[in-house]
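Below: one structure, written as C-alpha cells.
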Amino acid sequence: MGFFKFIAFSRLCVALLFLAELVTSVGGIGVNWGTQTTHHLPPATVVRMLKDNGFQKVKFFDANSSYLNALSKSGLQVMLGIPNDMLSSLASNVEAAENWVAQNLSTYVSSNGVDIRYVAVGNEPFLSTYNGTYLNTTLPALQNVQAAVVKAGLSTQVKVTIPLNADVLESSTNLPSDGDFRSDIRDLMLEIVKFLSDNGAPFTINIYPFISLYNDPSFPVEFAFFDSSSSPLNDKGTIYTNVLDANHDMLVWALQKNGYGNMSITVGEIGWPTDGDKNANAKSAQRFNQGFMTQYSAGKGTPLRPGQMDAYLFSLIDEDAKSIQPGNFERHWGLFSFDGQPKYQLNLGSTSSNGLVAARDVKYLAKKWCVMSQSASLQDSQVAPSVSYACANADCTSLGYGNSCSNLTAQGNISYAFNSYYQQHDQLDTACQFPNLSVITDNDPSVGECKFIIMIQSQSMSLVGSDGSRGRGIVPAILVSSLLYMILWMP
C-alpha cells in the first residue's frame, strides 16, 4: 500500500511541477526590448536591469547574437522576432527557414541555455498602410518556420506565432460583439488562425489605445485609461470601461464566430509614449501603464477572458534611431530613457521597491554640450540648413508643440538640435562646427523638463532591426521641414 501511495504522490508532484511551469510561462509580465538605438547599453547591463525589475519575459523584433548570449541561463523567457523584410525569403525557401532556426534557435537553446519560447514571424504585416505588401508571404513564411522548428526537434518548447495589429479586426458598430476579421483579409486570417491552433500557438495582437487617440481627434480620451470616469461602453449587457478590454474582446468574438473560441491570446505590445505628441507625456504614460499593471497584477483579465492576461509592455528603452514616419512619438515608448533611467514611477508588482529600478554602472561621455553661440544671429543664412542637417541626422522629436521642449526659445531650439547631433556623434569636436553658429559649453543648457542629454559610452555594435511595423531611423524630408519651422519660428 505504501508503494502505491508513493507512486501516486510522485505523479502528483510531477503534475504540480508541470502546472507550475505552465503558469510561469504565462503569468509573468513581459516587455519588448527594441534595439533601434544609436548607442547601446551593454546587453549584460540590460539583462540585469530586466531581472532587477522582475520581468520574466522579453520580446525581440530581430535576432542578434550579442543579446541572445547575454540571456544565457538568465531565467528569462524569450520571444524572438523575424522582421518583415525576411518574410519573402523564408516564404519561398524552406532551407532559408531551416538555416534561420539552426542559427538563432538551436544554437542558443541547446548550447547556450537561452529559454526561447516563441518565434514571432513578422510584425504587424497586415497593416493597411503596407498596401498588401506581405499578404502573399506571411503565411508561407509561418509554415516554413514551423516546419523548420519541428525538424529541429524544438516544437514542444518553441511555438511560432505572428504579432498582428488590432487593425486586422473590424466592427460595423464598434461593439466588440459585432467584431470579425477585416473583410479584405478574412480568408487569409482564418487560414492563419487554423494553422496557429493546429500547432498550439497563441494569437498575438498588439493593442495601442494611444494610436487610436492619435489617429482620431474625436476619440474619447478618458476611455483610453483604466481609472477613468468616462461613460462605459454597453455591449448588449457586457460593460467595457476601457478600450484595451474592448479591443481584446473584439478579437475573442472574432475567434468565437469562426470556431476558435478557446484559442489563447497574447498581447504582444501595450504601452504609452512619453514625448513627441501633445498626448504623449510622462504623466499620461504613468497613468496608462500603472492602470494596466494594476489590472494585470490583480489577474482581472477582460469581461470575456477573466484571469491573468499574457502580455508584453511596449517598450523597455527609448529608441532614438526609429523612423518617425508614423509620428515623433515613435522614439519615446520606453519605460526607461536611452541610458536606462526610469522616466516615471511605475509599480510592476514584482519588486520590493514598488518602482522601476535603473540600469547600474552606466558610463557617460563628458559633461559638455554643443549650443548656439551667443554671438550668432538668428538671421544668419546658415541657421536653417544647419538645423535641418542636425535634425535629419539626430533626434529633434522632443521639440515642437505640446512636447517636452516646447518651452524653448528659438535659440534654445537651435541649441537642442545642435546638441542632439553632437551627442549622437560621440562629442566629436567636428560635430559642433556649424559655421559661425555653435560653441561647446560645460554649462548645462537644460530648461525645466527639457533635458539636453549627455550621451552614454556605447559598445561597438551593429544597429540591428527593431519594430518591423515602423521601419528604420529615416526622417522623411517633410517631417524635417515641419520640425525646422517649429524650431525657428514657434516660441
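The values are calculated or read from the model by the stated rules, or taken from the named source; none is laboratory data. Note that the structure is predicted; figures quoted are calculated from it, not measured. Here the Cβ is made from the backbone with ideal geometry for all residues, glycine too, and neighbour counts use every protein chain on show. Heads up: the accessible areas ignore ligands, DNA and RNA and are worked out on the full protein's heavy atoms, side chains in. Shrake-Rupley method; radii C 1.70, N 1.55, O 1.52, S 1.80 Å.
List of remarks:
- Single match in PHE219, PHE181, PHE203 (criterion: touching a helix residue (DSSP H, G or I) at 6+ places or on another chain (Cβ under 9 Å), farther than 18 Å from LYS159 by Cα and open to solvent by less than 10 Å² (accessible area, probe 1.4 Å)): PHE181
- Sole exception among (1) aliphatic (A, V, I, L, M); (2) open to solvent by 20 Å² or more (accessible area, probe 1.4 Å); (3) not in a helix (DSSP H, G or I) for LEU399, by number: (2)
- A count restricted to the stretch 240-266 and to residues that are part of a helix (DSSP H, G or I), touching a Gly at 6+ places or on another chain (Cβ under 9 Å) and open to solvent by 50 Å² or more (accessible area, probe 1.4 Å) stands at 2.
- The set of residues in the stretch 290-333 that are among the polar types (S, T, N, Q) and in a helix (DSSP H, G or I) comprises GLN290, THR294, GLN295, SER297, ASN328.
- For the stretch 121-132, filtering for residues that are part of a loop (DSSP other than H, G, I, E, B) and surrounded by 16 or more Cβ atoms within 10 Å (Cβ to Cβ) leaves 6.
Results for (1) under 20 Å from ILE82 (Cβ atoms); (2) in a loop (DSSP other than H, G, I, E, B); (3) not aromatic (Phe, Trp, Tyr), shown as yes or no for each residue.
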residue: VAL119; (1), (2), (3): yes, no, yes
residue: ASN136; (1), (2), (3): yes, yes, yes
residue: VAL149; (1), (2), (3): yes, no, yes
residue: ASP167; (1), (2), (3): no, no, yes
residue: LEU188; (1), (2), (3): yes, no, yes
residue: VAL193; (1), (2), (3): yes, no, yes
residue: ALA201; (1), (2), (3): yes, yes, yes
residue: THR204; (1), (2), (3): yes, no, yes
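- Counting only residues that are more than 18 Å from PRO176 (Cβ to Cβ), open to solvent by less than 20 Å² (accessible area, probe 1.4 Å) and of a type in the set (Gly, Ala, Ser), the stretch 267-310 holds 6 of them.
- When restricted to residues that are part of a loop (DSSP other than H, G, I, E, B) and over 28 Å from the mean Cα position of the chain (by Cα), the stretch 408-439 contains 9.
- A Cβ distance below 7 Å, combined with a sequence gap of six or more or placement on separate chains, defines the contacts here; from the stretch 237-260, residues that are at pLDDT 95 or above reach residues that are acidic (Asp, Glu) in the pairs ALA254/ASP180; LYS257/ASP180.
- From the list LEU164, LEU188, the lone residue that is within 13 Å of PHE126 (Cα to Cα), open to solvent by 20 Å² or more (accessible area, probe 1.4 Å) and among the aliphatic types (A, V, I, L, M) is LEU188.
- Single match in SER106, SER110 (criterion: surrounded by fewer than 23 Cβ atoms within 10 Å (Cβ to Cβ), on the phi < 0 side of the Ramachandran plot, at pLDDT below 95 and in a helix (DSSP H, G or I)): SER110
Here is a yes/no grid of residues against (1) of a type in the set (Lys, Arg); (2) outside any helix (DSSP H, G or I); (3) in contact with a Ser or Thr (Cβ under 9 Å, 6 or more places away or on another chain); (4) open to solvent by 10 Å² or more (accessible area, probe 1.4 Å):
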position	(1), (2), (3), (4)
ALA63	no, yes, no, yes
ASN69	no, no, no, yes
LEU80	no, yes, no, no
ASP85	no, no, no, yes
SER88	no, no, yes, yes
ASN99	no, no, no, yes
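- So LEU408, is it without any contact (Cβ under 8 Å) to a residue 60 or more places away in the chain, open to solvent by 60 Å² or more (accessible area, probe 1.4 Å) and within 23 Å of ASP318 (Cβ to Cβ): no
- Of all residues in the stretch 440-465, those satisfying the criterion of being outside any strand (DSSP E or B), at pLDDT 50 or above, aliphatic (A, V, I, L, M) and open to solvent by 20 Å² or more (accessible area, probe 1.4 Å) are ILE453, ILE454.
- Qualifying residue in the stretch 372-385 (condition: of a type in the set (A, V, I, L, M, F, W, C), closer than 22 Å to SER323 by Cβ and open to solvent by 10 Å² or more (accessible area, probe 1.4 Å)): no
- Qualifying residue in the stretch 466-474 (condition: β-branched (Val, Ile, Thr), at pLDDT below 95 and within 30 Å of ILE162 (Cβ to Cβ)): yes
- Near pairs, Cβ below 7 angstrom, 6+ apart or cross-chain, from the stretch 74-96 (farther than 23 Å from ASN32 by Cα) to any residue that is among the aliphatic types (A, V, I, L, M) and surrounded by fewer than 20 Cβ atoms within 10 Å (Cβ to Cβ): SER89/ALA96; LEU90/ALA96; VAL94/ALA147
- Pairs where the first residue, in the stretch 182-203, is closer than 20 Å to MET79 by Cα and the second is part of a loop (DSSP other than H, G, I, E, B) and open to solvent by 30 Å² or more (accessible area, probe 1.4 Å), C-beta under 6 Å, 6+ apart: VAL193/TYR260; SER197/TYR260; PRO202/SER264
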